[in-house]
Amino acid sequence: MGFDFKIIQEYLPFFFQGTLLTISLSLAGIALGTIIGLFIGLGKMQTNKWLALPFVWYINFFRGTPLFVQLLLIHFGVVPLFIDKTNAIAATIIALSLNSAAYIAEIFRAGIQSIDKGQMEASRSLGMTHVQAMRYVIIPQAVKRMIPPLGNEFIVLIKESSIAAIIAAPEIMYWSRAMQGQYYKVWEPFLSAAIIYLVLTLTLNFVLNRVERRLTTK
C-alpha cells in the first residue's frame, strides 16, 4: 500500500484547527497549573506538618495516578456536577491544570529552597514581613531558576494533551483518529500527528533555550 498524500491534504484544515486547540489547551493548562502549583508548593513548605499534609497528598495523588484516569474522573464525574452535561474541552483543561500543578508545585518548592537562607534573613532584618520577603526577594530570584523546568513541563503538556482525543476533544489526535477511521490507514494519520507534535516541541524547545541563555547572561 502506497503513502497517500491526498488524504493528508484533505485533512490539513482539520489538523490546523486541532493544532490551535492543542496549543490553547496546553497554554491554559500551564497557566492555571502554575497558579495552583505555586499555592500547593507554598502549602507543602509549611513547617506545621498537619497543615502541609493536604498539599503533600495532592501532589502524591496527581503524580501517582495516570493522567488518563484523572481525565476520565473529571470528564464523567466532576464536570457534570457543575453543568447539565460534560464538556470535553473544559474537562481537558481542568485535568491538565490539576495534573501539571502537582509537578509545578515541586518545581516551585525546589526553586525557592535553592535560594540561600541568608536572603530571607537579610530581608527580615530590613523590616520586611515573611510574605513581603517571599514576594519581592525570594520568588523573583527563584523564577529564573524555574524557567527551564517550567518550559519542560509545558512541552510535556503539549504531548499529554493528545489524551483528550479519548473524550472527543477535537485536538490533533482526534482528527488523526478520524482520518484513520475513515480511510483505514495507519501511516498517514499518525505520522502526520507525530510530525505536528515534533514541530511544536522543537519550536518551543528552541524558544526556551533562547530565553534561558538571555537570563543567564544578565
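The values are calculated or read from the model by the stated rules, or taken from the named source; none is laboratory data. This is a predicted model, so every value here is computed, not measured. FYI the Cβ positions are ideal-geometry reconstructions off the backbone, even for glycines, and counts take in every protein chain you see.
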| field | Index of the failed condition, E171 passing every other in (1) surrounded by 19 or more Cβ atoms within 10 Å (Cβ to Cβ); (2) of a type in the set (D, E); (3) free of Cβ contacts under 8 Å to residues at least 40 places away in the same chain | value | (3)
| said: Among the numbered criteria (1) closer than 26 Å to I172 by Cβ; (2) at pLDDT 95 or above; (3) surrounded by 13 or more Cβ atoms within 10 Å (Cβ to Cβ), which one does I7 miss? | reply: (2)
| query | Before we move on, is G151 within 21 Å of the chain's Cα centre (by Cα), surrounded by 14 or more Cβ atoms within 10 Å (Cβ to Cβ) and within 23 Å of T22 (Cα to Cα)? | reply | yes
| request: Inspect all residues belonging to the stretch 178-195 and state whether any of them is within 25 Å of G37 (Cα to Cα), over 16 Å from the mean Cα position of the chain (by Cα) and either at pLDDT 95 or above or surrounded by 19 or more Cβ atoms within 10 Å (Cβ to Cβ) (or both). | output: no
| If a residue has to be surrounded by fewer than 17 Cβ atoms within 10 Å (Cβ to Cβ) and free of Cβ contacts under 8 Å to residues at least 40 places away in the same chain to count, how many in the stretch 100-114 make the cut? | 2
| message | Any residue that is more than 21 Å from F108 (Cβ to Cβ), without any contact (Cβ under 8 Å) to a residue 60 or more places away in the chain and of a type in the set (A, V, I, L, M, F, W, C) - is there at least one of those in the stretch 21-35? | response | no
| said: Let me confirm something: among I30, I83, which residue is closer than 12 Å to S100 by Cα and of a type in the set (A, V, I, L, M, F, W, C)? | reply: I30
| Output for the stretch 124-162, where each listed residue is within 27 Å of S24 (Cα to Cα) and polar (S, T, N, Q) | N152, S161, S162
| note | Flagged pairs (Cβ under 7 angstrom, 6 or more apart or on separate chains; first in the stretch 40-64, surrounded by 14 or more Cβ atoms within 10 Å (Cβ to Cβ); second assigned to a loop (DSSP other than H, G, I, E, B) and polar (S, T, N, Q)) are A52/Q46
| message | Could you check the stretch 183-201 and list, in sequence order, the residues that are more than 18 Å from L21 (Cα to Cα) and without any contact (Cβ under 8 Å) to a residue 40 or more places away in the chain? | response | Y184, V186, L191
| Hey, M173 hits all of (1) of a type in the set (A, V, I, L, M, F, W, C); (2) closer than 26 Å to L72 by Cα; (3) at pLDDT below 95 but one; which does it fall short on? | (3)
